[in-house]
Amino acid sequence: MSSTEKTTGTTADTAAGVRIPTFQDVRAAGRRIAPVIRRTPLWRVPGTAVLLKREDLQKSGSFKLRGVTNAFAVAAPTRVVTASSGNHGKAVAMLARARRVPATVVMTAQSAPEKVERIRELGARVRFVEGGVAERNRLAEALAAEQGATLIPSSDHADVIAGQGTTGLEIAAAAPGVEAVYVPVGGGGLLAGMCLAKQAWTVSGARDRAPAVVGVEPVSAPRYALSVSTGRPVTVPPSASVADGLRGQTPGRIALPVVAAGAVRLTVVDDDEIVRAMALLRGHGVVAEPSSAAAVAAALRGEHKRDVVVVLSGGNISRARFDELLAPVGSARDALVALAAP
């Protein structure tokens, strides 16, 4: 963590000095952010056992508002810096504008232009870096130290992870009997939060055991799968996946131990699967950005006997980019047949 970052809470310390959030932190975050965020609905993909947790309907267009709201509430920053592929930066810019706090968002030169423009419209300053996510994150840390600002990482932050975990609390309350919860994996904050939130199923007495948690990464950026399987952090090269929010290169120092202890299953999808999932959802009137469609693609492989939930993490994509990606794809029915094929 940056020496300028403000943190509080009931997190547990590790030998490495990083602070790991707990289930109690997730519950506290739920109470803290309830007045701000939207309690999003579950929606069944017609003809499937897949229920979508519609975080694309969140106020910022993605689940990122949960973690940002919790981090702001805990730290009460007077100036903020973050690094983002888009959705987290948008949420930070929204909260910063509402609280009249200066904000800087560091992005890669390859970031989606529509996301850059929206962040600027919300009043945040945008700084660009060449290279990948690792370079972006390093510049954000340097700027926070230089400005004496609060650094609010997009995922690897105890309060952010706790806030993202509130998604799981809502799923547990609305769908206690689901077999699995699928989560797209970018920085790993949502996956780590879901691992912590699993306890909500057993605490409520709804089930004897929690559902499986399945993390979904692009085939070109399997940093959590590699790190968990080898027992050490693994850095992967920059990815060119269409899922721009899932191009992380290194697992988080805070998120990785939570994920490693969470008995999660990690799987990968390729860009063709992601785009077919987008086409399927389009046929039902749902606009999903590639990062959220990745988890849908994995869930639609039909590996479970009962209902599963997918966190549809966001819907922030321009119409032009959406149409460009889906131009080569056939009907929604064709997309479902292709996704379900062995």
Worksheet entry | Search result, residues across segment 214-224 that are in contact with a Leu (Cβ under 9 Å, 6 or more places away or on another chain) and surrounded by fewer than 22 Cβ atoms within 10 Å (Cβ to Cβ) | 222
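Here is a check on your reading of the model: is residue 278 open to solvent by less than 50 Å² (accessible area, probe 1.4 Å), modelled with pLDDT of 95 or more, hydrophobic (A, V, I, L, M, F, W, C) and within 24 Å of residue 46 (Cα to Cα)?
Here the answer is yes, as residue 278 does meet what is asked.
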Discussion item. Which numbered condition in (1) modelled with pLDDT under 95; (2) surrounded by fewer than 21 Cβ atoms within 10 Å (Cβ to Cβ); (3) closer than 26 Å to residue 109 by Cβ is the only one that residue 234 fails?
Written reply: (1)
Worksheet item: If you scan segment 88-107, which residues turn out to be open to solvent by 20 Å² or more (accessible area, probe 1.4 Å) and under 17 Å from residue 246 (Cβ atoms)?
Response: 90
Worksheet item: Any idea which of 269, 296, 264 is open to solvent by less than 10 Å² (accessible area, probe 1.4 Å), farther than 18 Å from residue 316 by Cα and aliphatic (A, V, I, L, M)?
Response: 269
Practice prompt. For segment 232-262, enumerate the residues that are over 18 Å from residue 86 (Cβ atoms), out of contact with any helix residue (DSSP H, G or I) (no Cβ under 8 Å at 6 or more places or on another chain) and in a loop (DSSP other than H, G, I, E, B).
Written response: 232, 237, 253
Discussion item. Only one of 295, 327 is more than 20 Å from residue 209 (Cβ to Cβ) and in contact with a Pro (Cβ under 8 Å, 6 or more places away or on another chain). Can you tell me which?
Written reply: 295
Worksheet item: Is at least one residue of segment 148-164 among the charged types (D, E, K, R), surrounded by 19 or more Cβ atoms within 10 Å (Cβ to Cβ) and closer than 27 Å to residue 258 by Cα?
Response: yes
Worksheet entry | Any pair with Cβ under 7 angstrom, 6 or more apart, that starts in segment 282-310 at a residue that is under 25 Å from residue 189 (Cβ atoms) and ends at one that is among the polar types (S, T, N, Q) | 289/316; 291/313; 292/313; 298/267; 300/48
Worksheet item: Tell me, which strands (runs of 3 or more DSSP E) lie completely within segment 1-87 with 1 or more residues that are modelled with pLDDT under 95?
Response: none
Discussion item. Restricting to segment 117-128, name every residue that is under 20 Å from residue 187 (Cα atoms) and buried (at least 19 other Cβ atoms within 10 Å of the Cβ).
Written reply: 119
Item to complete: Could you please tell me which pairs satisfy a Cβ distance under 9 Å, a separation of 6+ or placement on different chains, a first residue in segment 27-56 that is closer than 18 Å to residue 176 by Cα, and a second residue that is among the aromatic types (Phe, Trp, Tyr) and open to solvent by less than 30 Å² (accessible area, probe 1.4 Å)?
Response: 40/63; 50/182; 53/63
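Could you tell me which of the residues 134, 145 is at negative phi, out of contact with any helix residue (DSSP H, G or I) (no Cβ under 7 Å at 6 or more places or on another chain), at pLDDT 95 or above and not acidic (Asp, Glu)?
Matching residue, one of 134, 145: 145.
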Worksheet entry | Number of the condition not met by residue 78 [criteria: (1) polar (S, T, N, Q); (2) over 23 Å from residue 312 (Cα atoms); (3) under 19 Å from the mean Cα position of the chain (by Cα)] | (3)
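Tell me, which helices (runs of 4 or more DSSP H) lie completely within segment 124-205 with 3 or more residues that are of a type in the set (A, V, I, L, M, F, W, C) and farther than 20 Å from residue 308 by Cα?
Because the criterion is at least 3 residues that are of a type in the set (A, V, I, L, M, F, W, C) and farther than 20 Å from residue 308 by Cα, the helices (runs of 4 or more DSSP H) in segment 124-205 that meet it are 133-147, 158-174.
The values are calculated or read from the model by the stated rules, or taken from the named source; none is laboratory data. This structure is a prediction, so every number in the text was calculated from the model and none was measured. We place every Cβ from the backbone using ideal geometry, glycine too, and count neighbours over all the protein chains shown. Note: areas computed on protein heavy atoms with side chains; ligands, DNA, RNA excluded. Shrake-Rupley method; radii C 1.70, N 1.55, O 1.52, S 1.80 Å.
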